[in-house]
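Engineer: Sharing a structure below in structure tokens format, with a few things to ask.
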Amino acid sequence: MALVAFASSKGSPGATTAALAIGALWPRPVVVAECDTAGSDIAIRMPALDGGVLDADRGLVTLAAAGRRGLRSDLLLSHTQQVIGGLDVLVGLRVPEQAAGIGNMWPQLGSIFDGLQGYDVLADLGRCGAQTPQNALMRSARLLVMVCDTEPSSVVHLRERINVLARDLDPANPHGVPIAVMVVADPKKKREAVREVFAALDQMDVPISYKWVLAWDPQGAQIFAGAVTGRPDRTALVRSARQVAGDLSRAVAPFFVPADQPYDAWPQQEAEGEWHMQVEPQPWQQPHLAESEGRPAGQPADSVPPPPPPPPPPEHDEAGPPTEPRHYYHAASPEDDQQGVRHD
Ligand SMILES: Nc1ncnc2c1ncn2[C@@H]1O[C@H](COP(=O)(O)OP(=O)(O)OP(=O)(O)O)[C@@H](O)[C@H]1O
Ligand SMILES: [Mg+2]
């Protein structure tokens, strides 16, 4: 139950690849949700768990359709699929025109992703410009990760986008959404360039909570384009992604709630003040309120989803929600762990 949003400002720096790689190495159950209005790449690139083809029509669109009368977190797992390696994904739009069907549901999608008990959600928002509707999802995130490369023009655009987004996300405020930056770069050849990017970020008024490097590694990236060969755990990309996944998952750990924990045990108080929390808890975070009134004060009745039943086990796993991820990318030796790249 922690939504992490990945986005870029311009170009294709590797946001989808990063979300898949980090998701594959995530230490808790996780769903990678493709929310890029430019259309799905995962359905095209990644084989299904059984080596077949993913269903490009099952995912974000079917979830939004099923949630027309009230979008709830427990609906999400009925619309996910597993890619090779066992990672759960919510496939995005088959064509950009389908974004119209999502309409004004983006903020609700953010809320249900963040409210999914027993799972974290990594949402790939793709390129986020001034008008992209998926920006609305960021407000529900526990962390926004902006992905960029080391090109000076990319960094200029990144800084501009962060400045604009910060007006809404208010990352300096404990109730706002913190912002991190992940630079995709060759860890050896681009060391100086990465340092310059970080120096440029340090000069900003907007606080950048975390700065990471993900290895530019064409061979490793092929794994997340569906060509799984050799030893994925030995590639520079997977090694660096393991470092980032560890840091990132620890950063949002206070917001993860195990699947079998009752709603009223969710760590609102514990987390409050320690980091950011939504000022108004959502209906599914307030069972007493949802049951008695069905809506928080001030919210019109017709915009309220029905009170949430306890989340059922995911349909694709009869044994109940997984307690540990089952991805083969984890099969690294301890020495490999030492070779990842991180710049704080
Ligand atoms: N770390 C990496 N090392 C090498 N190649 C990479 C890496 N990340 C991505 N790539 C390659 O760069 C291309 C774009 O990657 P990807 O689709 O992940 O970018 P993106 O930021 O999601 O782009 P878009 O905004 O167009 O969706 C792909 O061919 C991918 O294989
Ligand atoms: Mg992408």
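Engineer: Kindly evaluate residue 11 against the criterion of being under 21 Å from residue 147 (Cα atoms), part of a helix (DSSP H, G or I) and either more than 16 Å from ligand 2 (Cβ to nearest atom) or not hydroxyl-bearing (Ser, Thr, Tyr) (or both).
Structural biologist: Numbers: under 21 Å from residue 147 (Cα atoms): yes; part of a helix (DSSP H, G or I): no; either more than 16 Å from ligand 2 (Cβ to nearest atom) or not hydroxyl-bearing (Ser, Thr, Tyr) (or both): yes.
The answer is no for residue 11.
Engineer: Which of the helices (runs of 4 or more DSSP H) found entirely inside region 104-204 contain at least 1 residues meeting this: within 23 Å of residue 87 (Cβ to Cβ)?
Structural biologist: Answer list for region 104-204: 106-114.
Engineer: Here's something else I'd like to know. Given the condition within 14 Å of ligand 1 (Cβ to nearest atom), at pLDDT 95 or above and out of contact with any helix residue (DSSP H, G or I) (no Cβ under 7 Å at 6 or more places or on another chain), answer yes or no: does some residue in region 28-35 qualify?
Structural biologist: Going through region 28-35, the residues within 14 Å of ligand 1 (Cβ to nearest atom) turn out to be 32-35.
Now drop any that are not at pLDDT 95 or above, which leaves 32-35.
Checking the rest, the ones that are also out of contact with any helix residue (DSSP H, G or I) (no Cβ under 7 Å at 6 or more places or on another chain) come to none.
Among the residues of region 28-35, not one is within 14 Å of ligand 1 (Cβ to nearest atom), at pLDDT 95 or above and out of contact with any helix residue (DSSP H, G or I) (no Cβ under 7 Å at 6 or more places or on another chain), which makes the answer no.
Engineer: Could you list, ordered by first residue, the pairs with Cβ atoms under 7 Å in which the first is in region 220-238 and part of a helix (DSSP H, G or I) and the second is among the acidic types (Asp, Glu), at least 6 apart or interchain?
Structural biologist: From residues that are part of a helix (DSSP H, G or I), the pairs are 233/336; 234/336; 236/217; 237/217.
Engineer: Quick one: in region 30-49, of everything that is over 25 Å from residue 234 (Cβ atoms) and not β-branched (Val, Ile, Thr), which residue is nearest to ligand 2 (Cβ to nearest atom)?
Structural biologist: Restricting attention to region 30-49, the residues satisfying the condition of being over 25 Å from residue 234 (Cβ atoms) are 31, 33-40, 43-44.
Of the ones still in play, those that are also not β-branched (Val, Ile, Thr) are 33-36, 38-40, 43.
Numbers: 33: 12, 34: 8, 35: 10, 36: 5, 38: 7, 39: 9, 40: 9, 43: 12 Å.
Only one residue tops the list, namely 36.
Engineer: Please verify whether region 58-68 includes one or more residues that are surrounded by 15 or more Cβ atoms within 10 Å (Cβ to Cβ), part of a loop (DSSP other than H, G, I, E, B) and out of contact with any helix residue (DSSP H, G or I) (no Cβ under 7 Å at 6 or more places or on another chain). Explain how you work it out, then say what you get.
Structural biologist: We begin by selecting, within region 58-68, every residue surrounded by 15 or more Cβ atoms within 10 Å (Cβ to Cβ); these are 58-64, 66-67.
Next cut, part of a loop (DSSP other than H, G, I, E, B) only: 58, 67.
Okay, now just the ones that are also out of contact with any helix residue (DSSP H, G or I) (no Cβ under 7 Å at 6 or more places or on another chain), so none.
Within region 58-68, not a single residue is surrounded by 15 or more Cβ atoms within 10 Å (Cβ to Cβ), part of a loop (DSSP other than H, G, I, E, B) and out of contact with any helix residue (DSSP H, G or I) (no Cβ under 7 Å at 6 or more places or on another chain).
Residue by residue, here is whether (1) in contact with an Asp or Glu (Cβ under 7 Å, 6 or more places away or on another chain); (2) modelled with pLDDT under 95 holds:
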| residue | (1), (2) |
| --- | --- |
| 187 | no, yes |
| 197 | no, no |
| 205 | no, no |
| 216 | yes, no |
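Engineer: Considering only residues of region 14-27 that are part of a loop (DSSP other than H, G, I, E, B) and more than 9 Å from ligand 1 (Cβ to nearest atom), which is nearest to residue 223 (Cα to Cα)?
Structural biologist: Of region 14-27, the ones part of a loop (DSSP other than H, G, I, E, B) are 14, 25-27.
Narrowing further to those that are more than 9 Å from ligand 1 (Cβ to nearest atom): 25-27.
Values: 25: 13, 26: 16, 27: 19 Å.
Going through the qualifying residues, I end up with 25.
Engineer: I'm trying to understand the selection: among the residues of region 116-133, which are touching a residue at least 40 places away in the same chain (Cβ under 8 Å) and more than 12 Å from ligand 1 (Cβ to nearest atom)?
Structural biologist: 116, 117, 118, 119, 120, 121, 122, 123, 133
Engineer: Please tell me if residue 43 is in a helix (DSSP H, G or I), at pLDDT 95 or above and within 12 Å of ligand 1 (Cβ to nearest atom).
Structural biologist: Here the answer is no, as residue 43 does not meet what is asked.
The values are calculated or read from the model by the stated rules, or taken from the named source; none is laboratory data. Keep in mind it's a predicted model, so treat the numbers as computed, not measured. Backbone-built Cβ (ideal geometry, glycine too); neighbour counts: all protein chains shown.
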